[in-house]
Amino acid sequence: MGEFGSHLKLVSEALGIGVEQRGGGIAISTPEGDPSRGIAARVLVELYALIERGHTLHPNDVTHAVRILRSDPDADLASYFGDTILVTNHGRPISPRSPGQRSYVAALRRHDVVFGVGPAGTGKTYLAMAMAVAALKRGKVRRLILTRPAVEAGEKLGFLPGDLTEKVDPYLRPLYDALADMLPPDRVSRMIERRVIEVAPLAFMRGRTLSEAYVVLDEAQNTTREQMKMFLTRLGDGSHMVITGDVTQIDLPRKRDSGMVHALSVLADVGRVGVTRLTTEDVVRHPLVAEIIGAYERADVERRSGEDET
């Protein structure tokens, strides 16, 4: 039930129904025929079964469980929460938390090149990095290469203060943050020194062949056509590539086409390339993030509709 019934409150708020402890049981109050009653009951029963198997329940698990069963009433929560990719430094298992994330993880396991497309908060980069770290730990690859385009500076970093590392560090910080969640910080530092882990701007990939590596390209919507082609053709033997981005958040100059958008079109018929499109239903950050994204999407639709009418 959570501290002071906090988990019951999460179920209640997520489904808009009454869920409360009464005596030795839990009472669910809904209008007659409301399907939320069945979802709430299944969430509580299946999460309790997970706890009995030794799973430590986090408040986010409750929220994600409700989301999963609302999207897929026939889903087996144990198959989601039991599909652990990696365990963080804080002992929290990383596993898919929505039907879309589950499809994404399946694609990452099945294909050598995968595109993860979707809005912020859908876990597309975090899950890719978890898969990368897990592959490194199991010895399936010898190194990790994490990269992003430094598009805000137009890849022309000379005007920024500091040495090269200081110039590009702000663009790569989100990748360092994810690494720090998955590996002890001192170990990350040693692995970077030994070049087992490399975090670098996309421009540094030119001319290289990336063999026996797990390569993650983040913010790929901000690559140009030329950069994307350059990156994809770096794939070497025994390597995996994951390209993540949000095609609604392109920061390139207006006259430059997004390399990610172009690649998704060009590679549409290449069966060995996986593509997973995540939506606001897959947002796993604070529940308010999904609402914020949805509000902006509706505003964009209304704006485009007004432009068409004029």
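Of all the listed residues (ILE28, ILE51), the sole one being open to solvent by 20 Å² or more (accessible area, probe 1.4 Å) and in contact with a Lys or Arg (Cβ under 6 Å, 6 or more places away or on another chain) is ILE28.
Output yes when any residue across segment 268-291 is more than 20 Å from LEU127 (Cα to Cα) and in a helix (DSSP H, G or I), and no when none is. Looking for residues that are more than 20 Å from LEU127 (Cα to Cα) and in a helix (DSSP H, G or I), one finds at least one in segment 268-291, hence yes. Taken together, the criteria place SER103 among residues that are surrounded by fewer than 17 Cβ atoms within 10 Å (Cβ to Cβ), closer than 28 Å to ILE292 by Cα and touching a Ser or Thr at 6+ places or on another chain (Cβ under 6 Å). Considering segment 189-222 alone, what residues qualify as being assigned to a loop (DSSP other than H, G, I, E, B) and in contact (Cβ under 8 Å) with a residue 40 or more places away in the chain? Across segment 189-222, the qualifying residues are ARG195, VAL196, GLU212, ASP218, GLU219.
Listed here are the residues, each with its yes/no results for (1) outside any helix (DSSP H, G or I); (2) open to solvent by less than 30 Å² (accessible area, probe 1.4 Å); (3) at pLDDT below 90.
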residue: ASP61; (1), (2), (3): no, yes, yes
residue: ALA65; (1), (2), (3): no, yes, yes
residue: ASN89; (1), (2), (3): yes, no, yes
residue: ALA107; (1), (2), (3): no, yes, no
residue: VAL114; (1), (2), (3): yes, yes, no
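Which of (1) surrounded by fewer than 21 Cβ atoms within 10 Å (Cβ to Cβ); (2) among the polar types (S, T, N, Q); (3) within 30 Å of VAL66 (Cα to Cα) is the odd one out, the single condition THR209 does not satisfy? Every listed condition holds for THR209 apart from (3).
Can you say whether ALA220 is of a type outside the set (Val, Ile, Thr), closer than 21 Å to VAL275 by Cα, out of contact with any Leu (no Cβ under 8 Å at 6 or more places or on another chain) and modelled with pLDDT of 90 or more, as far as the supplied structure shows?
Details: of a type outside the set (Val, Ile, Thr): yes; closer than 21 Å to VAL275 by Cα: yes; out of contact with any Leu (no Cβ under 8 Å at 6 or more places or on another chain): yes; modelled with pLDDT of 90 or more: yes.
Judged against the criteria, ALA220 is a match.
Here HIS7 fulfils each of the conditions (1) more than 30 Å from ARG138 (Cβ to Cβ); (2) open to solvent by 30 Å² or more (accessible area, probe 1.4 Å); (3) touching a residue at least 24 places away in the same chain (Cβ under 8 Å); (4) assigned to a helix (DSSP H, G or I) apart from (2). Among the residues of segment 100-144, those that are farther than 14 Å from HIS240 by Cβ, in contact (Cβ under 8 Å) with a residue 40 or more places away in the chain and touching a helix residue (DSSP H, G or I) at 6+ places or on another chain (Cβ under 9 Å) comprise GLY100, GLN101, VAL117, GLY118, PRO119, ALA120, GLY121, THR122, GLY123, LYS124, THR125, TYR126. Scanning segment 212-231 turns up at least one residue that is surrounded by fewer than 16 Cβ atoms within 10 Å (Cβ to Cβ) and either of a type in the set (Phe, Trp, Tyr) or under 30 Å from ARG138 (Cβ atoms) (or both).
The values are calculated or read from the model by the stated rules, or taken from the named source; none is laboratory data. This one's a predicted model, so the numbers in the text were calculated from it and none came from an experiment. With ideal geometry, Cβ positions are generated from the backbone for all residues, glycine too; neighbour counts draw on all protein chains shown. Please note that ligands, DNA and RNA were not included when accessible areas were found on the heavy atoms of the full protein model with its side chains. Shrake-Rupley method; radii C 1.70, N 1.55, O 1.52, S 1.80 Å.
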